[in-house]
Amino acid sequence: MIRIIRMKKVVLLAVNAKYVHSSLSVWVIAEGVSKFARTAHDVKVVEATINQEMSDIALLVAEHEPDVIGVSSYIWNAGKLPKLLALLRERLPRVIIVLGGPEASNNVEFWLENGADYVLGGEGEYVFPQFLDDLENIDEQSDDSRVQKLTPEPLGTPIDPYTDAFFEALGGRLSYIETSRGCPFQCSFCLSAGSGVRSFPMDLVKKQIFKLSQSNTKTIKFVDRTFNCNSDRACEIFEYIIGLDTVCCFHFEVAADLFDEHMISLLGTAPPGRIQFEIGLQSFYATALKASSRKMDEDKAEHNIRALLEMRNIHIHVDLIAGLPHETLSEFMNSFDRAYLLNAPYLQLGFLKLLHGSVLREQAEGFGLEYSKEPPYEIISSPWMSTQDMNVLKQVENALQHTRNKGRFLSTLDYVLSAIGAQPFSLMRSLGAAVPNRGTQLEDYAVRIYDFFINLPGVDKNTLADCMIYDWLGMVKGKNAPSFLKNDDERRTIVLEEAEKRLGRTVKREEYTVLHSGKGIFVDSSDRDPVTGLYKIHNICYAVDNF
């Protein structure tokens, strides 16, 4: 008997966290259907964001009149999806809704009760085409049949999702690339723990990198879990990227203790801003790392981060996780201070998330971890950190996020730390408590920071003002400084003349000043550091003698 497979009209829906993000998974699956399905299916990709009205997203999908809707589920969209699935069901009562992704495949019963007809596990580009072909033969009355974990094809048949349709939809947004799957490590808070690493063919990887690098995207993010776990392979890709003629920035998640001298030397040849690293330190407290099954040579990690930062050509983003088992507030303060003093451009203070499917979520009750039952399942308290401790960390996070992590008031923070003899955590804790930022305008925030810092023992008013105006010129472009930082000293004329001579153009009033120290400074707003994002400040050293 000849079996007939009916063509399906399919919408693959991605609900991204922000407009600037794109989705890789839906395009990989779309290409998988094209390549592996036994019959041709009509597949459309729809990308939306969690900030849109769910009714508007449902309308976008319904316009295609699909037979099947495939939805990718993640912690950033899981809270929105139940409402969206209900709206899709209202508009398309006969449609078949299929969920995949880490949220659905690790929390199957919830999604089958909240709008999904089927939940798929496994690798989507292989599983979804097989599901479409077999749909007519699936017993819709059986609960077991609603969970599909089909055997994927071997990875020897790779997918290239970067089609003309992909680039047309990309529109300059951040793009993603996958060159391997899995991770060799066992971190109990991560869904990739112990999955092993399988690498994609290098010729395909380079072909895809090149295509992305010649598109209108500005940032290309590698989704490989620990990119530098294979040193030789990582170096080959780094070398290829360094040699490209492109303005793109390539973002990698790496382990700091896995860098070797050869790799660091190679990275030193990268054009400034070509590469950025996200380095998950998570903690410097060995007991917490061990309890989380995370292996890291702390001293080697610190040494390598400092070596990378000394080259000044790579943006370094360092991560800490608050709430790990056995780490008290005091121990976390030590980790924070040690990470802060590395002077990486970005220090993320994140909070432990107990993800569906992670080992640590299964261990949460045994550890006594309290966490939100709603996405993103963030920790609330533990036997080692109270709710009050977590609130303190939220204040620190707020101060950190609105100052240092945005490249704001950097010399000011350094000066105040030195003047009052404080550790970074202590300063950020007091700043976050006294000057919380909940959407405060930058000028008003600067005034409040100044008012707070000036009352700290050991802080000199004029030095503080000089640091803040220096920072202001370097971190903003063409924006007037707060009135209390302005200096109308008549000696500004000398600075203006020198600035226009050096820059060869008319210099605006907000681009130069005379500090209380007598030093003249001006900013070149056309010269922005691709690593720090700050504008170049010029000092007129000899001007002091003329005043």
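Bear in mind these aren't lab numbers, they're just calculated from the coordinates by the rules spelled out. Keep in mind that this is a model prediction, so the values were computed, not measured. For neighbour counting, all protein chains shown are included, and Cβ atoms are generated from backbone atoms with ideal geometry for every residue, glycine included.
Semi-axes of the equivalent ellipsoid for the stretch 9-148, please: Cα gyration tensor eigenvalues, times 5, square-rooted, ordered largest first, whole Å.
Working from the Cα gyration tensor, I get semi-axes of 21, 17, 15 Å.
Counting Lys and Arg as +1 and Asp and Glu as -1, what is the net charge of the other residues whose Cβ lies under 13 Å from the Cβ of residue 243?
Counting the neighbours of residue 243, the net charge comes to -1.
List, largest first, the extents of the alpha carbons of the stretch 386-460 along their principal axes, each in whole Å.
Largest first, the stretch 386-460 extends 36, 28, 20 Å along its Cα principal axes.
In debye, nearest 20, what is the charge dipole magnitude of the stretch 276-378 about its Cα centre with +1 on Lys and Arg Cβ and -1 on Asp and Glu Cβ, if you could check?
In debye, rounded to 20, the stretch 276-378 gives about 220.
Just the projected area, averaged over all directions, of the convex hull on the alpha carbon atoms of the stretch 174-383: how many nm²?
11.5 nm²
Say R0 is 22 Å: what FRET efficiency, to the nearest 0.05, do residue 165 and residue 203 get from their beta-carbon distance?
0.45
Where nothing but the Cβ of Lys and Arg (+1) and of Asp and Glu (-1) is charged, how large is the charge dipole of the stretch 305-462 around its Cα centre, in debye to the nearest 20?
380 debye
Provide the percentage of antiparallel DSSP beta bridges, counting only those with both residues in the chain; round to the nearest 5.
Close to 25 percent.
As an exercise, identify the trypsin sites (Lys or Arg not before Pro) in the stretch 454-486 lying in DSSP coil whose Cβ has no more than 14 other Cβ atoms within 10 Å.
Counting only loop positions with at most 14 other Cβ atoms within 10 Å, the trypsin sites (Lys or Arg not before Pro) in the stretch 454-486 are 477, 479, 486.
Which of the peptides 54-63, 239-248 is most tightly packed, and how do the rest follow, going by the mean number of other Cβ atoms within 10 Å of each residue?
Descending mean neighbour count gives 54-63, 239-248.
Check each of the trypsin sites (Lys or Arg not before Pro) in the stretch 58-141 and keep only those in coil by DSSP with at most 12 other C-beta atoms within 10 angstrom; list them in order.
Qualifying residues, ordered by number: 94.
Taking the chain as the reference, fit the longest principal axis to its C-alpha atoms, fit the long axis of helix 202-213 to the helix C-alpha atoms, and give the angle between the two in degrees, 0 to 90, nearest 10.
In the chain, helix 202-213 runs at an angle near 60 degrees to the longest axis.
Can you pull the Kirkwood radius for the chain, inverse mean 1/r over Cα pairs, to one decimal in Å?
26.2 Å
Amide H of residue 49 versus every other amide H placed in the peptide plane: which residues, excluding those fewer than 5 positions away on the same chain, fall under 5 Å?
HN-HN under 5 Å from residue 49: 16.
In a shell of Cβ-Cβ distance under 10 Å around residue 189, excluding residue 189 itself, what net charge do Lys and Arg (+1) and Asp and Glu (-1) give?
Around residue 189, the charge tally is +3.
Treat every Asp and Glu Cβ in the chain as -1 and every Lys and Arg Cβ as +1, leave all other atoms uncharged, and give the resulting dipole magnitude about the Cα centre to the nearest 20 debye.
Computed about the Cα centre, the dipole is about 840 debye.
Using Cβ contacts closer than 10 Å as the measure, can you line up 202, 296 from fewest to most?
202, 296
With 10 angstrom as the radius, rank 198, 294 by how many other C-beta atoms surround their C-beta, starting from the fewest.
198, 294
Calculate I(q)/I(0) for the stretch 487-546 by the Debye formula, one identical point scatterer on each C-alpha and no solvent, and give its log10 at q = 0.18, 0.25 Å⁻¹ to two decimals.
-0.59, -1.02
What is the helix-to-structure angle for 124-134, meaning the angle in degrees between its Cα long axis and the longest Cα principal axis of the chain, kept from 0 to 90 and rounded to the nearest 10?
That helix lies at roughly 30 degrees to the long axis.
Taking neighbour Cβ counts within 10 Å as the exposure measure, how do 21, 303 sort from fewest upward?
Final ranking by Cβ density, sparse to dense: 303, 21.
Take the cross-link list 207/353; 221/536; 218/406; 44/218; 80/353 and give me the ones stretching past 30 Å between alpha-carbons.
Beyond 30 Å between Cα atoms: 207/353.
In vacuo Debye scattering of the stretch 389-547, one point per C-alpha: log10 I(q)/I(0) at q = 0.13 Å⁻¹?
Values, matching the q order: -0.63.
Compute the angle between helix 424-434 and the longest alpha-carbon principal axis of the chain, please, reported from 0 to 90 degrees and rounded to the nearest 10.
90 degrees
Note down the net charge around residue 58, summing +1 for each Lys or Arg and -1 for each Asp or Glu among other residues with Cβ under 14 Å from its Cβ.
Once all neighbours under 14 Å are counted, the net charge is -1.
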